[in-house]
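The values are calculated or read from the model by the stated rules, or taken from the named source; none is laboratory data. From a predicted model like this one, the values you see are computed outputs, not experimental measurements. Virtual Cβ from ideal backbone geometry, glycine too; neighbours counted across all protein chains shown. The area values use the complete protein model at the heavy-atom level, side chains included, leaving out ligands, DNA and RNA. Shrake-Rupley method; radii C 1.70, N 1.55, O 1.52, S 1.80 Å.
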Amino acid sequence: MKKVIGVCLSALCLAALSGCGGDIEADLVFVNGSDAVIVEVVVDFQDQGGGSRNADSSPLRRGDSFGFEAGEYPVTVYVYDVPFKGFSQKELACFTIQEAPPDGERWYVTARDRAGGLALSADTQWPDGV
């Protein structure tokens, strides 16, 4: 319960810090490269968690992005089609990154439409076509 409250409080704080577009000052950036209904993005680092969504809880558009300050790795990124209510909730997709990016780099976690549903991947470069 304590972790859920912490994630929810972090989500409120990060909503003010999140941005859109490729020019983001963050350690980890989620990029929506899909047409899926994504309402909330949650990150769960070893030592902290957080989340972000549009202020009105509307779905992200293709090309929208949210930036997060990194904690200790590993980190798991979850995406949800409704506002986050707790880790017992079923996510659309999740992806775990085991280690921090190289010095001076950041992770871009990108959501893409795939035949089997939504897929997440990570790279240190802004994704092509988004």
I need the full set of residues from segment 44-70 which are under 14 Å from the mean Cα position of the chain (by Cα) and hydrophobic (A, V, I, L, M, F, W, C), in order please. F45, L60, F66, F68, A70
Does segment 9-20 contain at least one residue that is modelled with pLDDT of 90 or more, within 22 Å of W126 (Cβ to Cβ) and surrounded by fewer than 16 Cβ atoms within 10 Å (Cβ to Cβ)? no
Tell me which of these A70 doesn't satisfy, since it passes every other one: (1) open to solvent by less than 80 Å² (accessible area, probe 1.4 Å); (2) modelled with pLDDT of 95 or more. (2)
Among the candidates G86, G129, G50, residue that is at pLDDT below 95, open to solvent by less than 20 Å² (accessible area, probe 1.4 Å) and in contact with a Gly (Cβ under 9 Å, 6 or more places away or on another chain): G50
Please go through segment 108-130 and give me each residue that is free of Cβ contacts under 8 Å to residues at least 40 places away in the same chain, of a type in the set (D, E) and outside any loop (DSSP other than H, G, I, E, B), ordered by number. D123
